[in-house]
């Protein structure tokens with residue numbers, strides 16, 4: 001019998017700059033048995049097509065999405081499914097939202113921190129933008145604007161941090 005079926009549910013979180021590899025990692029994590037992937041970019045691009053043009057638009061729509069999905073994510077965890085959140089755990093407020101889900105569901109978690117340089121991320125971002133493979137195509141200037149809000153996680157926040165470096 002496969003012991004993976006009987007593992008306790010885990011909430012997987014990701015923190016890292018744009019194009020650090022968060023979505024690639026979340027897809028890999030979601031390949032585990034009894035695991036569901038929920039991607040912010042997919043939901044935002046489907047629900048708010050052509051409505052997100054500024055950082056303020058993103059913050060507003062992302063907040064609405066988090067509020068709507070939190071009870072659903074908790075319920076998935078409570079029935080024994082692991083969840084991989086492809087939402088950026090890049091700010092203290094986003095991580096507090098995620099910690100509330102962890103505490104509400106009473107599950108373990110892993111916060112995957114992808115520590116990748118700006119140069120590598122910008123190179124990947126330009127390639128991704130050229131390919132059209134992603135629903136959003138931020139410029140270098142937007143990368144810089146968004147990246148300044150990133151606060152690397154610390155153990156003081158109460159997370160189990162798994163560090164990924166290139």
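Stretched out fully, how many nm does the piece from residue 53 to residue 68 gain, at 0.36 nm a residue minus the Cα gap? Don't skip to the answer; put the middle values down first.
On the way: separation 15, 0.36 × 15 = 5.40 nm, distance 2.14 nm.
Full-extension gain reported as 3.3 nm.
Taking neighbour Cβ counts within 10 Å as the exposure measure, how do 17, 122, 22 sort from fewest upward? Intermediate values should be presented prior to the final figure.
Working: 17 23, 122 18, 22 27.
Least to most surrounded, the residues fall as 122, 17, 22.
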Quick check on the exposure proxy: order 102, 146 from fewest to most C-beta atoms within 10 angstrom. 146, 102
If you line up the long axis of helix 92-105 against the longest principal axis of the chain, both from Cα atoms, how many degrees apart are they, to the nearest 10? 20 degrees
Separation between the residue 155 and residue 131 pseudo-spin-labels, each 7 Å from Cα along Cα→Cβ, expressed in nm? 3.6 nm
For each of 48, 58, count neighbouring Cβ atoms within 10 Å of the residue's Cβ, then give the residues from fewest to most. 48, 58
From the Cα centre of the range 144-166 to that of the range 17-95, the distance in Å is 16 Å
Cα-based Rg (one decimal) and Dmax (whole number) for the range 68-146, in Å? 15.8, 42
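Would you compute, from DSSP H runs of 4+ residues alone, the mean residue ellipticity of the chain at 222 nm, taking -39500 (n - 2.57) per run and dividing by the full residue count, rounded to the nearest 500? Before the final figure, lay out each step's value.
Details: 6 runs with 76 residues, N = 166.
Here the helix-only value at 222 nm equals -14500 deg cm²/dmol.
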Full-stretch length increase - residue 34, residue 103 - with 0.36 nm per residue and alpha-carbon distance subtracted: 22.8 nm
Descending semi-axes in Å of the chain, equivalent ellipsoid built from Cα gyration tensor: 26, 18, 16
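Read-outs: derived from the displayed coordinates by stated rules, not from any lab. Please read all numbers here as calculations on a predicted model, not as lab measurements. Virtual Cβ from ideal backbone geometry, glycine too; neighbours counted across all protein chains shown.
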